[in-house]
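Report on the structure given below.
The values are calculated or read from the model by the stated rules, or taken from the named source; none is laboratory data. Quantities reported herein were computed from a predicted structural model and do not represent experimental measurements. Here Cβ is always computed from backbone atoms with ideal geometry, including for glycine, and neighbour counts include all displayed protein chains. Areas reflect the complete protein model, heavy atoms only, side chains present, ligands, DNA and RNA absent. Shrake-Rupley method; radii C 1.70, N 1.55, O 1.52, S 1.80 Å.
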Amino acid sequence: MTVRFTPEGFELDGQARRFVCGLIPFTHLPPDRWDMALDRARELGLSGVALDLVWRTHERSPGRLDLGGARGLGRFLARVRAHGLWAAVRLGPFFPAEQGLGLPERVLADPACQARDDAGRPRWLPVPWRLVPVPALGSPALLSALLGWFGAAAEALAREAHPAGPVLALGLDLGAADPFGAPAAGELLDAAARLGACLRSRLPGLPVLHGLPAWMPPDSARVLAGLADGLGAPLDLGRPELAQIAARAARIVDAGAGARPLLGLPLAAGCPIFGRPRGLDDQVFCALAGLMHGMNGFVLETLVGRPGWTGAPVRPDLSLDAERADWVRRTLRLLERLSAWRPRGSGLGVPGGPDLAWAWHGPQALPDGQRPDELGGLGPGCLWLANPAPGPRRARLRLGGARLFDLWRQREFGGAEGDLELAPFSLRPLEVRR
Amino acid sequence: MIDPELEAVDVHPEHWLRLTRLIDSLFGGGRTIWSEPDRLARALAAAAPRVRADMDPADQARQVLAAALADAGRTPGPLLAAWLHLPFGLLQAAFDRLWPDGTALALYVVDEDLDEVWSSLILRKARGSLELLTTDRCLGADGLDASAWRTDAARARAALARRVAPVHAACFCSREALFAWLEAPPGADPLARLRAAGDVLLEPWPWRVAGAVALGRALVWARRRLRPQDEVEHGSR
């Protein structure tokens, strides 16, 4: 394999790189704007782009796929390469912010592909802008259909894979199929194994990254980590979900993926207006919290705005949102600087990992539904997140925490004091208490 | 009532965030469903017998909302109960009487301290359904001049008519006027005073829309009486 994930990112032909990229919704952009979108990615300091291959978008009529043509995948990837960027292709197959979860209508409507409740009725899932039947991961009909789609997508990607093309990694995420119902982990693992094998057999040498569903039990998460070349947890969260950032980091580590975590896959850059609204303050918060918890790479979702989304650093007309563009640049600079003191193989909760404690002071002492004792919390007024593993690095990393905040607050990066409002919250390094 | 392929374009992030936070603080929607995934999961499961794929999304949503309220042990007020339990055909008919196809609704709230649009929302209806959701950003350089919004409103309305659809109802107001109106107790509706002072411009403002807005305000107040601990957040900048 010429691409290999490491604690610091990935190695490409022996050279270390960071896995930092931004999602460009290329099918929503006219082809004559692709170059400008890719210019924006470079302008913001990204080395790669992510793109979604959405089955629903590419199935022009029932059973007939169109991945080529003037607006096609190959032409976009050729432009990616011409701009000196690499690409990560996310194959889903479930995209919660897409219409119909990204599945063709005929698949959604097929009773053989639907999850059922105890009374035999379809279960439902909210997607833009309606409820759709939950796809049944354990359904042979659905799995067969998904394998057909993956096979066709892999065939189209074969010409674009490194070293002939710019595609360096593939993304597979099954957790969105049923975020509320938590399907049997065995069904998800079986589907992940078969879909992953389909990709590996057709695209040998390309690493497959898996998204780790938040609901997955630890034993199953370890199995999933074993199926993946890299394991990622999303940080598309907001301040009220603070506790989940630590929980997701811990889950990645617990899954045994400490050597290849990709916390921040994706990292909220824009947000679908269908979901919980996110502001710039949420984005800053997630980026800082992710960095403090060992985030070593991310996919900005979405780099370029698209219909139904808001808050992306690059607007749909490809002009820059100055504040959000600044947020991306700062996050990238911090990621580079922090690597110098980040322990190798770091992760929250592992010996030798970062020993961080920080507090959030705000009008809401704790996010809804979170109990202080689940978080090492000390009561209302502040929220503590601490590495439960003992280690000698505590003092140094406490300093690191302070430094992180200072770095963000522009001193070392030439911004003016107060040019980014952090008033809704503050981050402070605090001593770990056990 | 809602097109499943509703287009949401040119949505200004801050306008959307402020508006949704305001609505959340008024109605507690986030606390009821969104902030508690388990509750949403339970509501989706409880609503399953009454949901069909071919339903209007608004009808699907009210089934889930009814289940969520039942799960939370909350009794809806009379207006919300009517929305939840009346036949959907009646609601659709009322919606069509209230808002003709091929027209737009517009809301502009201006922060006069900063001379900027604090929030905006522009909606278009076609074939009985809401089909476009956008904000002032859809007008680009022709957007409302916040520093002279009282005199510029008519031009912005005309621009909306050209770019989106003829405006069926429009409200332009200052942020202070919006909150003064929302916070005034029932029976002390300051709308007439605010209009006279020029802090609220309602043009056009058909009587059916006026009636629906008054009912909506009554609904907000009914909910606030039920939850006196909640305060209306003025939103963040």
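Some observations on this one:
- Given their separation in residues at 0.36 nm each and the Cα-Cα distance between them, residue A:12 and residue A:193 gain 62.7 nm when the chain is fully extended.
- The listed residues A:27, B:135 rank as A:27, B:135 when sorted by accessible area, largest first, using a 1.4 Å probe.
- Percent of C-alpha pairs per 5 Å bin, segment B:36-86, short to long: 5, 22, 30, 25, 15, 3
- Estimated inter-spin distance, residue B:53 and residue A:105, nm [label 7 Å along Cα→Cβ]: 1.0 nm
- Cα centroid separation - segment A:156-191 against segment A:287-320, whole Å: 21 Å
- Spin-label pair residue B:182/residue A:35, simplified geometry with 7 Å Cα→Cβ offset, distance in nm: 4.7 nm
- With respect to chain B, whose longest principal axis is taken over its alpha-carbon atoms, helix B:88-98 is tilted by about 10°.
- Peptide ranges B:143-156, A:127-140 listed from the most packed, as the mean C-beta count within 10 angstrom indicates: A:127-140, B:143-156
- Gain on full extension, evaluated as 0.36 nm per residue between residue A:118 and residue A:336 minus their Cα-Cα distance, stands at 73.4 nm.
- Taking both sides together, the accessible area buried where B meets A is about 2600 Å² for a 1.4 Å probe.
- Placing a label point 7 Å from the Cα of residue A:66 along the Cα-to-Cβ direction, the residues of segment A:95-110 whose backbone N falls under 20 Å of that point are A:99-100, A:102-107.
- Equivalent-ellipsoid semi-axes of segment A:26-113, from the Cα gyration tensor, Å, largest first: 28, 14, 10
- Considering segment A:3-338 at the alpha-carbon level, its Rg and Dmax are found to be 18.5, 56 Å.
- Burial of accessible area (probe 1.4 Å, heavy atoms of protein chains only) in segment A:120-134, relative to its chain alone, reaches at least 30 Å² for A:121, A:124, A:129, A:130, A:131.
- Two numbers describe the Cα atoms of segment B:99-226: Rg and Dmax, which are 14.8, 44 Å.
- For residue B:23, the solvent-accessible surface computed with a 1.4 Å probe is close to 80 Å², ligands and nucleic acids excluded.
- Taking every C-alpha pair closer than 8 Å and separated by at least 6 residues, the mean separation divided by the residue count of segment B:36-86 gives a relative contact order of 39 percent.
- In the context of the full set of protein chains, segment A:3-338 has a per residue accessible area of 32 Å² (1.4 Å probe).
- Only Cα pairs under 8 Å and 6+ residues apart enter the sum, and on that basis the relative contact order of chain B stands at 24 percent.
- Alpha-carbon centroids, segment B:50-129 and segment B:158-182: separation in whole Å: 18 Å
- In this calculation the C-beta distance from residue B:147 to residue A:214 is compared with R0 = 51 Å, giving a FRET efficiency of 0.65.
- Note on B:52-59: average number of Cβ atoms from other chains within 10 Å of each residue's Cβ is 3.
- In this label model, residue B:163 and residue B:98 are separated by 2.6 nm, measuring between points 7 Å along each Cα→Cβ vector.
- Rounded D (µm²/s) - segment B:1-154, Kirkwood Rh over Cα pairs, Stokes-Einstein at 10 °C, 1.306 mPa s: 90 µm²/s
- Bins of 5 Å from zero: percent of alpha-carbon pairs in segment A:103-174: 3, 14, 19, 19, 14, 11, 10, 6, 2, 1, 0
- Structural descriptor for segment B:99-226: relative contact order 24 percent, calculated from alpha carbon pairs under 8 angstrom and at least 6 residues apart.
- ³J(HN,Hα) computed for each position of segment B:143-160 - Karplus, 6.51 cos²θ - 1.76 cosθ + 1.60, integer Hz, glycine/proline x: x, 4, 7, 5, 6, 9, 5, 5, 8, 8, 4, 5, 5, 5, 4, 5, 5, 5
- Charging the Cβ of each Asp and Glu at -1 and of each Lys and Arg at +1, and nothing else, the dipole of segment A:1-92 about its Cα centre rounds to 200 debye.
- Antiparallel bridge percentage (DSSP; both residues within chain B; nearest 5): 60 percent
- Averaging 1/r over every pair of different alpha carbons in segment A:87-143 and inverting the result gives a Kirkwood radius of 11.8 Å.
- Computed over segment A:6-52, the quotient of the alpha carbon radius of gyration and 2.2 N^0.38 Å is 1.33.
- Buried on assembly, segment A:157-186 (at least 20 Å² less accessible surface than by itself, 1.4 Å probe): A:180
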